[in-house]
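Peer 1: Quick one: the structure is below, and I'll ask about it shortly.
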Amino acid sequence: MSIKESSTNNENKKTLEHSCSEIYAVNLISGRWILSICYHLRQGKLRFYELKNNIPNISERMLTLQLKKMEHENLIIKNIYAEVPPRVEYELSEIGKRLIPILNELEIWGKEHKNDKQNNNESS
């Protein structure tokens, strides 16, 4: 879902992104699917249907839209091979690969937070 260009929400988003690099970065990887796609591509190149099969419940249309967005943001590289039938592979770009340690830390933090929250709910 995109934000209408002329909306106040869009202006606020642009202002925050301009003034805060953390918000800019989070906006690049926000959404339901981008982190999951990055997670699977950190192992190396994957074809469209390999990604689709690895990410439960994502539709082909949504995967296509997310891959296009990620390619536009230079997070991934789309390699098209002149073969019959055509072969297309996706991989993290150099700047995308720099997300891997951050993803690893997010995974650790997420597990810790989930455990802490679960433990707090059980003790209540």
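The values are calculated or read from the model by the stated rules, or taken from the named source; none is laboratory data. On a predicted model such as this, the values are computed, not experimentally measured, just so you know. Cβ: placed from backbone, ideal geometry, glycine included. Neighbour counts: every protein chain shown. Accessible surface areas use protein heavy atoms only, side chains included; no ligands, DNA or RNA. Shrake-Rupley method; radii C 1.70, N 1.55, O 1.52, S 1.80 Å.
Peer 1: Using a 1.4 angstrom probe, figure out how much accessible area the chain has per residue, in square angstrom, rounded to the nearest whole.
Peer 2: Using a 1.4 Å probe on heavy atoms only, each residue of the chain averages 75 Å².
Peer 1: How high is the relative contact order of the chain? Use alpha-carbon pairs under 8 Å, at least six apart in sequence, and give a whole percent.
Peer 2: This gives 20 percent for the chain.
Peer 1: Based on the mean of other beta carbon atoms within 10 Å per residue, what is the order of 49-56, 29-36, 113-120, 70-77, most packed first?
Peer 2: So the order, starting with the most tightly packed, is 70-77, 29-36, 49-56, 113-120.
Peer 1: While we're looking at this one, here's another question. Run down the aspartates and glutamates and flag those whose C-alpha is under 18 Å from the C-alpha of LYS78, throwing out any fewer than 8 positions away in its chain.
Peer 2: GLU50, GLU60, GLU89, GLU91, GLU94
Peer 1: Leaving ligands and nucleic acids out of the surface, order CYS20, CYS38 by accessible area at 1.4 Å, largest first.
Peer 2: CYS20, CYS38
Peer 1: I would also like to ask the following. Probe radius 1.4 Å, ligands and nucleic acids ignored: give me the carbon and sulfur share of the accessible area of the chain as a rounded percent.
Peer 2: Solvent-exposed carbon and sulfur of the chain make up 52 percent of the total.
Peer 1: Place a +1 charge on the Cβ of each Lys and Arg in the chain and a -1 charge on the Cβ of each Asp and Glu, then give the dipole magnitude about the Cα centre in debye, rounded to the nearest 20.
Peer 2: Charge dipole, the chain, about its Cα centre: 320 debye, nearest 20.
Peer 1: If the limit is 26 Å between Cα atoms, which of LYS45/LYS68; LYS14/LYS117; LYS52/LYS97; LYS69/LYS97; LYS69/LYS114 go over it?
Peer 2: Checking Cα-Cα distances, LYS14/LYS117; LYS69/LYS114 exceed 26 Å.
Peer 1: Could you tally the net charge around GLU107, taking each other residue with its Cβ under 14 Å from the Cβ of GLU107, Lys/Arg +1 and Asp/Glu -1?
Peer 2: Residues near GLU107 contribute +1 overall.
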